[in-house]
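The values are calculated or read from the model by the stated rules, or taken from the named source; none is laboratory data. A quick note: this is a predicted structure, and the numbers were derived from the prediction, not measured. So basically every Cβ, Gly included, is an ideal-geometry build from the backbone, and we count neighbours across all protein chains shown.
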Amino acid sequence: METLACGHVAHPGGRRVCPHMLRPAEDEDVSYVRLLNGHNLDADLCCTDCDQAGDPELSVICEGCVALYDDEESGYFDGWRGDPGITDRPEPVDTTVTATPLPGELGTVVDFAPLPSPDGRTAWLVLGRGGRWLLRFDGSCHKICRVRIPTETSVRLRQRLHTSADGRFAAVVNDFGRFGRVYNLASGKATLDIDGGTYHTDQAPLSLIFFRYAGRTLVAHRSDWDRLDISDPETGQLLTTREATSERRLSGTFHGALHVSADGRWIADDSWVWAPAGIPRVWDLRLWAGGNAWESDDGPSRRALCQRDYFWNEPMCWIGDSLLAISGLGRDDEAMLPGVRIFDAETGLELNSFAGPGGALFSAGMRLYAAGADGLTIWDPFTGERTGTVPGFVPTHHHREAGVLAAIRDGHLLTWRY
Ligand SMILES: [Zn+2]
Ligand SMILES: [Zn+2]
């Protein structure tokens with residue numbers, strides 16, 4: 001034991017700081033950077049002034065003092081310098097990507113989504129013909145119904161297709177817009193009109209997701225900027241009737257993309273609030289669907305996982321039943337390192353974080369898949385090690401039942417089986 005630069009008697013080791021960061025409690029507003037040393041996310045801490053002057057004088061402080069910066073209780077984090085460490089632990093990967101030509105009958109494909117594939121041929125629902133038709137595609141093509149969504153204009157507007165896991169329902173929504181519609185795929189009839197309201201709709205996708213609860217397929221969806229509801233996609237019936245009053249208010253947050261865990265227990269919302277800041281939140285879907293219509297607003301299971309300034313509409317995905325991987329290491333959009341943070345929905349605790357994964361995230365079994373610009377990377381989310389790559393393959397969609405990741409490029413459906 002010795003007296004460290006922070007003034008505490010402790011074991012040396014751990015991280016170093018510049019002289020202006022020695023006593024975090026007294027330097028609450030110091031702006032600083034993290035100097036990555038190539039070993040995972042280990043880094044020395046250095047105030048922005050010393051970083052800009054170059055060659056900072058660094059001395060060792062105790063773990064307790066370092067933790068005040070890690071817990072975001074001190075300082076203003078200004079960015080990363082240097083490179084993080086990525087550890088490879090190669091496992092055999094079959095990198096064969098299959099390219100299937102898309103028939104002309106599909107026309108311009110706007111989006112696609114998985115359908116149950118009982119005969120072993122991987123089936124997709126395709127929002128084709130420029131977004132005007134839903135068609136089933138499993139090698140051959142089958143027209144299902146016409147799509148009619150109210151016209152709206154927004155620079156970021158993007159049509160998006162969702163399907164239910166049982167293949168009975170689909171929803172076409174205007175992401176970064178207001179309207180959408182749920183269809184019964186057996187009858188081709190619209191069963192529910194989605195109206196996400198008009199307030200800042202261009203800042204996030206139109207929240208919608210199908211899920212299973214007590215043997216039924218239900219749909220969660222936005223019905224105003226700060227209101228989520230659950231409806232029955234068969235009848236269109238609203239199941240979360242509630243009236244906001246001056247005593248009891250709606251969530252007060254802008255709702256974004258929704259994600260449901262594999263076992264249907266948890267739902268995640270890529271929400272944002274004024275500042276503006278992205279705040280990914282989770283709550284218990286069974287409590288919400290099971291009777292507490294306010295669970296998405298102020299329910300006891302609802303919790304915020306982290307806060308990032310100017311940063312939302314970012315990839316996230318569930319791993320197993322209760323872990324949520326969230327893309328991006330840092331506290332705001334200008335100081336973000338590619339990587340993921342892994343949270344436990346049950347406790348809200350961050351269990352792990354590691355650099356490397358970038359782009360859309362998918363998970364199956366014990367692996368996390370990241371669709372980076374150069375191709376797919378495969379990760380062990382429990383250790384943060386990279387276990388494989390599929391160069392050049394950048395999937396956008398996941399067919400869970402078929403065990404396939406997929407993308408459409410140059411008139412072909414590209415699939416890779418994990
Ligand atoms: Zn300094
Ligand atoms: Zn100390």
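Of the residues making up segment 6-24, those that are assigned to a loop (DSSP other than H, G, I, E, B), within 9 Å of ligand 2 (Cβ to nearest atom) and closer than 12 Å to LEU45 by Cβ are CYS6, LEU22. Taking segment 140-227 and the strands (runs of 3 or more DSSP E) fully enclosed by it, the elements with 1 or more residues that are farther than 25 Å from GLY290 by Cβ and modelled with pLDDT of 95 or more are at 141-146, 158-163, 169-175, 179-184, 190-195.
Determine whether segment 370-391 contains at least one residue that is touching a residue at least 40 places away in the same chain (Cβ under 8 Å), basic (Lys, Arg) and within 27 Å of ASP138 (Cα to Cα). Checking segment 370-391: not a single residue is touching a residue at least 40 places away in the same chain (Cβ under 8 Å), basic (Lys, Arg) and within 27 Å of ASP138 (Cα to Cα).
Would you check which residues across segment 36-51 are outside any loop (DSSP other than H, G, I, E, B) and either among the acidic types (Asp, Glu) or more than 16 Å from ligand 2 (Cβ to nearest atom) (or both) and list them?
If the condition is that a residue be outside any loop (DSSP other than H, G, I, E, B) and either among the acidic types (Asp, Glu) or more than 16 Å from ligand 2 (Cβ to nearest atom) (or both), then LEU36, ALA43, ASP44, CYS46, CYS47, THR48, ASP49, CYS50, ASP51 are the ones that fit.
Is there a residue being of a type outside the set (Gly, Ala, Ser) and touching a residue at least 40 places away in the same chain (Cβ under 8 Å) anywhere in segment 43-57? Within segment 43-57, not a single residue is of a type outside the set (Gly, Ala, Ser) and touching a residue at least 40 places away in the same chain (Cβ under 8 Å).
Of the residues examined, SER251 is not one that is free of Cβ contacts under 8 Å to residues at least 24 places away in the same chain and either surrounded by 19 or more Cβ atoms within 10 Å (Cβ to Cβ) or farther than 17 Å from GLY197 by Cα (or both). Within this structure, ARG216 fails the test of being surrounded by fewer than 18 Cβ atoms within 10 Å (Cβ to Cβ), touching a strand residue (DSSP E or B) at 6+ places or on another chain (Cβ under 8 Å), closer than 21 Å to VAL182 by Cα and basic (Lys, Arg). Test GLY120 against the criterion of being at positive phi, among the small types (Gly, Ala, Ser) and in contact (Cβ under 8 Å) with a residue 24 or more places away in the chain, and give yes or no. It is false that GLY120 is at positive phi, among the small types (Gly, Ala, Ser) and in contact (Cβ under 8 Å) with a residue 24 or more places away in the chain.
Screening segment 334-405 for strands (runs of 3 or more DSSP E) wholly inside it with 2 or more residues that are modelled with pLDDT of 95 or more and among the hydroxyl-bearing types (Ser, Thr, Tyr) returns the ranges 385-391.
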